[in-house]
Structures are given as C-alpha cells and as structure tokens.
C-alpha cells in the first residue's frame, strides 16, 4: 500500500494524469485550476514530456486534438467560462473520435461569475455546448482520492471508446487539501494503433492513410457516422455507468447529489439516521452516462427524492427523467458560489420527513400539492 | 532506332504519389488551390516524406485537401490548424507537419493562432492561400481583401472608413522572432508557379532541418468569388493584389540559425 500524503486536489489530479502516462499537456491559466498548469510546467519537462502554455483555451483544446489524434495521451484543464470556449472543439473531437481528456474545475457562473465553488456546469459538461448529437464521458469525483482514481479512469475510457472524456470537479475539490493515497496507475490504456494518424502511412507499413476529420460532405456519410456514434453511446451507457449508494436501500428519503455536495449529504444522512429519519444517498459518479436505470430502481418505494446541487437543479432534470414519476423529487439548491451546509440539509430532510410521512398534509391541501399527484400512490403513512 | 523511340517515350509528367489516384476535382475553373496542392504534393514526393507527413486541414475551400491527398490528415476547426499542427508535432517531433489554410482561416479568424505559433517558433510549415475573400461561402470580404475590392459584403468596394484596412499576414508573421522563413508568392504565370514551388520546398526543408516556423503565403485567383474570368483573375493578382500584398522573401534567417 502506498502511503498517504497531504495534497491539494488540483495537484493530485495533475500527478494522477502524469502517473497515467500523460505525454502532452496544453493549458491556459484560469482560477480555480491554476495549480494543474503550474504543476505540469514543473513536472512534464523533467520527464521529457510536453507542456505548452497556449495562447488561449481555444488553442489549448485544439493542440489537444492534434496530439490525441496521434494516439498520444494528452489533456487540457480549465474552468467554466473557458471550458465554454472549448465546446466547438469538443464536438469536433467527438465527431472525429479523438480521445482528448479535459479536466474541468468549476467556478461559479453565469458569465465570468467568480472563483467560488459551484456545480453550475453540469449542463455544459453532460449536454455539451457544442453542436450536434455528440456525447462527452463525464466523471465527477467527490474526494481527492477519488479524483485520482477517476483521472485514471478518464484516460482509460477516452481511449477505450475514442471519445472526449472529462473529469468534472468543483473549485472546492480543486483547492482543498486532504490525505491522498496516490495509487499506481493500474489500468491498461487501450491500443490506438488501429486508428491513430501518426504519419506512418503507406509505403512504410502499408496501412491505409488515415483521416481524422469532422467534415462529412459525401453522400450519406454523416448519416452513417451519426448512427455509428449513437451505437457507441449506447454501448457506453450500457457498460460504464458508475454510482454510489449509501444507506439507500431502506431509506425513506433518498438524496441525489454529486461531487463535493455528496460529501456534505453523506454526513447529513448519518445525522438524520441518528435522529430516527431513514435517509440515504444516491451519488452518480458518471454524470454521462447517467445512472438512469439504477436511480429508478433505487427510487422505487421511496417517499421522496431530495436532489441537492450547487446549481438550479441541472442534474435534477436527468434524475426526474430517470425516475419517471415513481416518487416525488424536490430540489435544494445554492447558487453563485454558496455552499450547502449539513445543517441546511438536515432541516430540509426534517421538513420532507413530516411532509411525506403523513398523507394528511397532502390531502388537506390538494391544490398546493398538485405536482405530486402522480406519486401519491407511493406515499405511505 | 529502338533506343531513340524509347527515349522519346520517356515519362516526363505524372500524377504525384501524394495525390490520390481517383478523386473528384473540387475546385472552380481558374482557381489557384489545385495548382498549389499539386506543388505541395510534388515537393512531398521529391523530398520522399509521404510516409512520414501529417497534413492539417482547415476550413474554407482549403478543406478539399482532405479529399485528394494520400497522407494522414487531421482536420481542424476554423482558424485552429496551427494549434492542431502544434499538438501533432509535439506528440510526434520526427514527423513532417504542415497546415494548408486560406486567408479566412490563417489571417482572419485564426490570426491569433498564426501569430502565436510563429512566436513559439513551432517547427512546422504553413502554406496560406490568399485569394482575398471567403471563397467557399460565396465571396465575402476577408481580412486580406484589398481597398476597393468588390465582394458580396463590400459591394461598392472595400472602404477603409467602413471596413478597415487589409491584413498583411506575411509581414505580421515576419515580425515574430520564431518565424525563420516568410515568403509571399503568387500563382499567375509559369514563372510565378516555379517560384512558388521553390518557396514551398524551402519551407519544408526548413522543418526537416529543424529550423523553426516557415510561412509561405500564395496569392491565388478566385474567379468565382471575384466575378472575373480566369484570365482576368490572373491579371487582377498581377496588377492589383500584388501591389498591396507585395511579392518576395519577407524574412529569411535560415542560414543565421543553422
């Protein structure tokens, strides 16, 4: 077992990327992820690997496209408004099936916002601001230890599926320090020799020349490409869903939360249990593919779901679609860099507990609770 | 006698290996792209680097390169070809990497990337086709359109008070310390084509010798965009465009850095 060291989240992520075999890093400064670029500028040259401080995030992500096109482990890191600048390239990467890795350490928005922690970029990461029907694989750690593990996994999945993959952390995770066990990289990066455009074409080893492009003008090329991509996304959805359940099976109130918020929620669950309220947690680890089936199963028989996010319910839309009305779902949100505190969660759990434990509350005031109509069959006194 | 006939049948002209055997020629009559793409293919063949070259495609008519080059090709978004090329070259430093861009790509939307790549002294080659308009989208004014030039967005001619002044991208690149060789040529008569090929060859050789960033801007005709006949277009390059975007070697420090 490797020993634990006290480390900042951003540095741990950067070290993990190097452990995974990162060959090329391209970045541009933006808070709260600057330690990643700084770490890379120190460490990559020592290892004879590439570090470039690009002229913009547009440049950085397009350098990433170039390097990853040759089958080289490459990444960029950035935050919110600057990840916004990268969306065109991420769509192009998905189209040309290039395995670029993007580390996104969220700050608070919208606009330039500020540098406080937020989860306001769930839509940006999972739905993408780029054009067309593409998907980005998105992994969301809730501890620094997990950030290391998921950084490894992000590289692995990017290459396994030849798809852009993103590690989505928030400013809190990037900036805080905690004891980390930097386990050695134990995954095998899938072979890229069958697709990489590494310039060793016909005449040398007789393989056909390769074109990694995102323009498809000929006949029905684009139709076929889209069908192929959708089949791939189906395979990813089927095989790569990750989530954590904590005291969820017998819970009456099931919290859904990701990232750092899930940590706060976890201790709130424990407190609620000590107060005699059966609370539990369902934490999606892959935000795309979202654990829809698994959440639906977990939601069955629950009195309600409490969805907690540092945004106005962006993940809740996925959760709502997933549970398909098997139980009600409520939102506890904090915006603009505010953090949700354990006490606030417990208060909300108490409120929901009294609201949903007694059917009388609902039937006394039917008009006010119209939205819960579909789920009344699941409310038990 | 037989020997003499054989001599007479000697192969004097053929398709470069770097150009695919069967392709649909995508360019308009009188367009300069076809000529320059052939010149690049000839240079790649002559230098024997087909099997180790990666071409970076860009957006505009230049993207047609994807269709008929027998090379590994990586595409890029509009204006970002030098960044993609940088990524490829840093990942595979022993390969030959070049971008093929128009003036819309390299001098308009991608000016920032062109300049920074030159400043970094990235050891790549950029061939920039300057036809002073956006050809693919129907002939709108670009950053390099000359004053008075009539386009679909400057119907009364480019007016500096309304549309600003033309960008002279080669001169801007030449100001960057990392650029070792910058030349502007044109495609308007046989001599100019020979000169262009020599410039392209030098730009590739510089990269092979590890000298740094080379930039060749080629003034090319766009008869469709300019609404001129192919012949008139060649005259327009010689008499009008090359008076603003002046021909010649703008910078060459290749023997200094050797």
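The values are calculated or read from the model by the stated rules, or taken from the named source; none is laboratory data. From a predicted model like this one, the values you see are computed outputs, not experimental measurements. Here the Cβ is made from the backbone with ideal geometry for all residues, glycine too, and neighbour counts use every protein chain on show.
Do the conditions hold for residue A:241, that is, is it closer than 25 Å to residue A:149 by Cα and buried (at least 20 other Cβ atoms within 10 Å of the Cβ)? Answer is no for this residue. Residues that are crowded, with 24+ Cβ neighbours inside 10 Å and facing chain A (nearest Cβ under 7 Å) within the range B:62-72 comprise B:71, B:72, listed in sequence order.
Identify all residues within the range A:305-317 that are touching a residue at least 60 places away in the same chain (Cβ under 8 Å) and in contact with a helix residue (DSSP H, G or I) (Cβ under 7 Å, 6 or more places away or on another chain); write none if there are none. Spell out the reasoning first.
Quick first cut of the range A:305-317, residues touching a residue at least 60 places away in the same chain (Cβ under 8 Å) only: A:309-311, A:314-316.
If the condition is that a residue be touching a residue at least 60 places away in the same chain (Cβ under 8 Å) and in contact with a helix residue (DSSP H, G or I) (Cβ under 7 Å, 6 or more places away or on another chain), then A:309, A:310, A:311, A:314, A:315 are the ones that fit.
For the range B:81-95, which positions are facing chain A (nearest Cβ under 7 Å) and over 16 Å from the mean Cα position of the chain (by Cα)?
Within the range B:81-95, the subset facing chain A (nearest Cβ under 7 Å) is B:83-88, B:90-92, B:95.
Matches in the range B:81-95: B:83, B:84, B:86, B:87, B:88, B:90, B:91, B:92, B:95.
Within the range B:36-71, the set of residues being closer than 18 Å to residue B:123 by Cβ and in a strand (DSSP E or B) comprises B:53, B:54, B:55, B:56.
Taking helices (runs of 4 or more DSSP H) as the structural unit, those lying wholly within the range B:148-245 and holding at least 1 residues that are touching a strand residue (DSSP E or B) at 6+ places or on another chain (Cβ under 7 Å) correspond to B:160-163, B:169-174, B:190-208, B:223-226. Scanning the range A:326-334 for any residue that is at pLDDT 95 or above, within 29 Å of residue A:152 (Cβ to Cβ), surrounded by fewer than 23 Cβ atoms within 10 Å (Cβ to Cβ) and over 18 Å from the mean Cα position of the chain (by Cα) turns up nothing.
Return the total of residues in the range A:128-139 being part of a loop (DSSP other than H, G, I, E, B) and either surrounded by 15 or more Cβ atoms within 10 Å (Cβ to Cβ) or not assigned by TED's automatic domain parsing to the domain that holds residue A:84 (or both).
At the first step, the residues of the range A:128-139 found to be part of a loop (DSSP other than H, G, I, E, B) are A:128-136.
Then keep just the ones that are either surrounded by 15 or more Cβ atoms within 10 Å (Cβ to Cβ) or not assigned by TED's automatic domain parsing to the domain that holds residue A:84 (or both); that gives A:128-130, A:134-136.
Result for the range A:128-139: 6.
Hey, any hits in the range A:224-235 for a residue that's in the same structural domain as residue A:321 (by TED's automatic domain parsing), surrounded by fewer than 21 Cβ atoms within 10 Å (Cβ to Cβ) and touching a residue at least 40 places away in the same chain (Cβ under 8 Å)?
Quick first cut of the range A:224-235, residues in the same structural domain as residue A:321 (by TED's automatic domain parsing) only: none.
Within the range A:224-235, none of the residues are in the same structural domain as residue A:321 (by TED's automatic domain parsing), surrounded by fewer than 21 Cβ atoms within 10 Å (Cβ to Cβ) and touching a residue at least 40 places away in the same chain (Cβ under 8 Å).
Residue B:57 meets the conditions (1) touching a residue at least 40 places away in the same chain (Cβ under 8 Å); (2) within 14 Å of chain A (Cβ to nearest Cβ); (3) surrounded by fewer than 24 Cβ atoms within 10 Å (Cβ to Cβ) in every case but one. The failed one is (3).
Condition (residue is at pLDDT 95 or above and more than 18 Å from the chain's Cα centre (by Cα)) applied to the range A:239-247: is it met by at least one residue? Steps first, please.
Initially, the range A:239-247 is screened for residues at pLDDT 95 or above, giving A:239-247.
Imposing the further condition that a residue be more than 18 Å from the chain's Cα centre (by Cα) reduces the set to A:246-247.
Within the range A:239-247 (the criterion being at pLDDT 95 or above and more than 18 Å from the chain's Cα centre (by Cα)), the answer is yes, since at least one residue qualifies.
Total residues in the range B:88-113 satisfying the condition of being in contact with a helix residue (DSSP H, G or I) (Cβ under 6 Å, 6 or more places away or on another chain), under 22 Å from residue B:166 (Cα atoms) and touching a residue at least 60 places away in the same chain (Cβ under 8 Å): the figure is 3. Among the conditions (1) within 7 Å of chain A (Cβ to nearest Cβ); (2) in contact (Cβ under 8 Å) with a residue 12 or more places away in the chain; (3) in contact with a strand residue (DSSP E or B) (Cβ under 7 Å, 6 or more places away or on another chain), residue B:40 misses just one, which is (1). Of the candidates B:121, B:138, the single residue that is over 23 Å from residue A:54 (Cβ atoms) and in contact (Cβ under 8 Å) with a residue 12 or more places away in the chain is B:138.
Yes/no per residue for (1) under 15 Å from the mean Cα position of the chain (by Cα); (2) on the phi > 0 side of the Ramachandran plot:
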{"residue": "B:151", "(1), (2)": "no, no"}
{"residue": "B:154", "(1), (2)": "no, no"}
{"residue": "B:162", "(1), (2)": "no, no"}
{"residue": "B:168", "(1), (2)": "yes, no"}
{"residue": "B:172", "(1), (2)": "no, no"}
{"residue": "B:191", "(1), (2)": "no, no"}
{"residue": "B:216", "(1), (2)": "yes, no"}
{"residue": "B:227", "(1), (2)": "no, yes"}
{"residue": "B:236", "(1), (2)": "no, no"}
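Every condition in (1) surrounded by fewer than 24 Cβ atoms within 10 Å (Cβ to Cβ); (2) part of a helix (DSSP H, G or I); (3) within 11 Å of chain A (Cβ to nearest Cβ) is met by residue B:78 except one, and the failing one is (2).
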